[in-house]
Amino acid sequence: MGISVTCVDVDERKIENLKNGIIPIYEPGLEEMVHKNVKAGRLKFSTNLAEVLDDVEVVFSAVGTPPDEDGSADLKYVLAVAKNIGENIKKYTVVVTKSTVPVGTAKKVKATIQAELDKRGEQVEFDVASNPEFLKEGAAIKDFMSPDRVVVGVESDKARRRMARLYKPFMLVNDRLIFTDIPSAEMIKYAANSMLATRISFMNDIANLCELVGADVNMVRKGIGTDTRIGKKFLYAGCGYGGSCFPKDVKALIKTAQKVGYEMEVLQAVESVNEKQKSVLFNKLMNRFNGDIKGKTVAMWGLAFKPETDDMREAPALVLINKIIRAGGFVRVYDPIAMPECQRRIGDKVTYCKDMYETAIDAEALLLVTEWKEFRMPSYPVLAKAMVNKVIIDGRNIYDAKEVAENGFEYYKIG
Ligand code: UDX
């Protein structure tokens, strides 16, 4: 039987497309999953929240919380949904916030729903809950189906029982359902993302220092990651973290703290290290060409902020492209999925190539920005033939320095 789900959005075109099986984003396995569930009659799409509310037990609000001018999370969409729910619920419903929202938002959602009920002069019982999302783009389905944990902040037993029943099918092997109070659940999401971003900035800082003192950050990573207290994951130095979560959530947590008179000094450093790190590949390129890349062509592999997605939000590639163009260089790019998204964002400032080797034609250097699998074992002879200079600058440390050198290339990596 499964659970019946109706997805609601105000964007009519998006809903119409979904009804026709067209998925608005690239996410491995998602299309098949949507088709399967639509066919089984479990998954529906609608633009009419009022109608849908008639027969649901739980509503998940998963609207965006873009940063406003000062970096705080903008709650206008979250509260608009709450208002709409308040205007329309008729029976006990648990209203769950999935969006990443600052501590205290559930209270505002509750007050907004209640205010609408008061206007209607009706008494309808409801609960609010906070259920932060931890899935990673590119691994969303796996992360959802077998989560490390599911965190749910509740304030009533009734809501807790309902949420436990909902998540039961995903908890058959390991019960990883953690109930907390609502403010803690709201904080957990920011704290988790901020901790992960901190690890990355820390390793980027260590990588930059490694270069100066002659150490190798890959060896350092292995050496420290085997300490079970540290752990192996999320210790990869690179050209900076991007995406829809880390940059936004780190900024928002800094702001939340400032609003209550507290300075998150560690996170401020995490942010500034990341900003600097996005320029690291450009700096290496400039160093290699003695500060002058005017008229030079550069090949770029990867545009998305990470592999298995077409997402370019806060992608290091964008910073890099802008800097190269400003310095008078030309960029030839290839990404397996994200080229249409790049074109939408920056138009034809760069040359879009049909495959990874086409980028190398007349290139004076190759920059590896996103570690897609297909970039891992390039044909060095093909590259050598196409390029003017045999220079590889690896922003994700995916190549073996010895092998690259044996093939006659100069090799620059991070740390
Ligand atoms: C992140 C969190 O991992 C997820 O739990 C949360 O729900 C949303 O935010 P996501 O943004 O999809 O997920 O990507 P993630 O895999 O975490 O990578 C974020 C960025 O960090 C990428 O730019 C990636 O390249 C970078 N990264 C990651 C590193 O530079 N080094 C690492 O070791 C890991």
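The values are calculated or read from the model by the stated rules, or taken from the named source; none is laboratory data. Keep in mind that this is a model prediction, so the values were computed, not measured. Don't worry about glycine lacking a Cβ; one is built from the backbone with ideal geometry, like all the others, and counts go over all protein chains shown.
All conditions in (1) among the hydrophobic types (A, V, I, L, M, F, W, C); (2) assigned to a loop (DSSP other than H, G, I, E, B); (3) surrounded by 12 or more Cβ atoms within 10 Å (Cβ to Cβ) hold for Val52, with the sole exception of (2). Summed over region 13-49, residues that are outside any helix (DSSP H, G or I), over 27 Å from the mean Cα position of the chain (by Cα) and either surrounded by 16 or more Cβ atoms within 10 Å (Cβ to Cβ) or of a type in the set (D, E, K, R) (or both) total 1. Taking the conditions (1) modelled with pLDDT of 95 or more; (2) buried (at least 21 other Cβ atoms within 10 Å of the Cβ) in turn, Ala252 satisfies each one other than (1). Does Glu116 fit the bill of being buried (at least 16 other Cβ atoms within 10 Å of the Cβ), touching a helix residue (DSSP H, G or I) at 6+ places or on another chain (Cβ under 9 Å) and of a type in the set (Asp, Glu)? Against the criterion (buried (at least 16 other Cβ atoms within 10 Å of the Cβ), touching a helix residue (DSSP H, G or I) at 6+ places or on another chain (Cβ under 9 Å) and of a type in the set (Asp, Glu)), Glu116 qualifies.
Conditions (1) within 15 Å of the ligand (Cβ to nearest atom); (2) free of Cβ contacts under 8 Å to residues at least 40 places away in the same chain, marked per residue:
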{"position": "Arg161", "(1), (2)": "no, yes"}
{"position": "Leu177", "(1), (2)": "no, yes"}
{"position": "Phe234", "(1), (2)": "yes, yes"}
{"position": "Tyr241", "(1), (2)": "yes, no"}
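Among the residues making up region 287-319, those that are among the small types (Gly, Ala, Ser) and either in contact (Cβ under 8 Å) with a residue 60 or more places away in the chain or in contact with a Pro (Cβ under 6 Å, 6 or more places away or on another chain) (or both) are Ala299, Gly302, Ala304, Ala315. Considering the conditions (1) modelled with pLDDT under 95; (2) among the small types (Gly, Ala, Ser); (3) surrounded by 19 or more Cβ atoms within 10 Å (Cβ to Cβ); (4) assigned to a loop (DSSP other than H, G, I, E, B), Ala304 is excluded by exactly one of them, (1). Here is the figure for region 71-115: residues that are modelled with pLDDT of 95 or more and assigned to a strand (DSSP E or B) total 5.
Looking across region 155-193, the residues that are closer than 23 Å to Ala252 by Cα and either of a type in the set (Lys, Arg) or not in a helix (DSSP H, G or I) (or both) come down to Thr180, Asp181, Lys189.
Kindly check whether there is at least one residue in region 399-410 that is surrounded by fewer than 16 Cβ atoms within 10 Å (Cβ to Cβ), outside any helix (DSSP H, G or I), on the phi < 0 side of the Ramachandran plot and in contact with a strand residue (DSSP E or B) (Cβ under 8 Å, 6 or more places away or on another chain). Yes, region 399-410 contains at least one residue that is surrounded by fewer than 16 Cβ atoms within 10 Å (Cβ to Cβ), outside any helix (DSSP H, G or I), on the phi < 0 side of the Ramachandran plot and in contact with a strand residue (DSSP E or B) (Cβ under 8 Å, 6 or more places away or on another chain). Hey, does region 57-79 have a residue that's more than 30 Å from Ile254 (Cβ to Cβ) and under 27 Å from the mean Cα position of the chain (by Cα)? Yes, there is a match, as at least one residue in region 57-79 is more than 30 Å from Ile254 (Cβ to Cβ) and under 27 Å from the mean Cα position of the chain (by Cα). Of the residues making up region 243-286, just one is aromatic (Phe, Trp, Tyr) and within 13 Å of the ligand (Cβ to nearest atom), namely Phe246.
Listed by first and then second residue, the pairs linking a residue in region 343-367 that is within 23 Å of Phe409 (Cβ to Cβ) to a residue that is of a type in the set (Phe, Trp, Tyr), with Cβ atoms under 6 Å apart and 6 or more places separating them unless they lie on different chains, are Cys353/Tyr334; Met356/Trp301; Met356/Tyr334; Thr359/Tyr334.
This table checks each residue for (1) within 16 Å of the ligand (Cβ to nearest atom); (2) in contact with a strand residue (DSSP E or B) (Cβ under 8 Å, 6 or more places away or on another chain); (3) of a type in the set (A, V, I, L, M, F, W, C).
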| position | (1), (2), (3) |
| --- | --- |
| Glu308 | yes, no, no |
| Met312 | yes, no, yes |
| Ala317 | yes, yes, yes |
| Gly328 | no, no, no |
| Arg332 | no, yes, no |
| Met339 | no, yes, yes |
| Val350 | no, yes, yes |
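Of everything in region 122-146 that is touching a Leu at 6+ places or on another chain (Cβ under 8 Å) and part of a loop (DSSP other than H, G, I, E, B), the residue that is surrounded by the most Cβ atoms within 10 Å (Cβ to Cβ) is Val124. The set of residues in region 55-70 that are assigned to a strand (DSSP E or B) and over 22 Å from Glu12 (Cα atoms) comprises Val58, Pro67. Only residues that are crowded, with 24+ Cβ neighbours inside 10 Å and either more than 17 Å from Trp372 (Cα to Cα) or touching a Leu at 6+ places or on another chain (Cβ under 7 Å) (or both) were counted across region 313-330, and they come to 5. Within region 263-299, the only residue that satisfies the criterion of being farther than 16 Å from Leu320 by Cα, assigned to a loop (DSSP other than H, G, I, E, B) and of a type in the set (A, V, I, L, M, F, W, C) is Met264.
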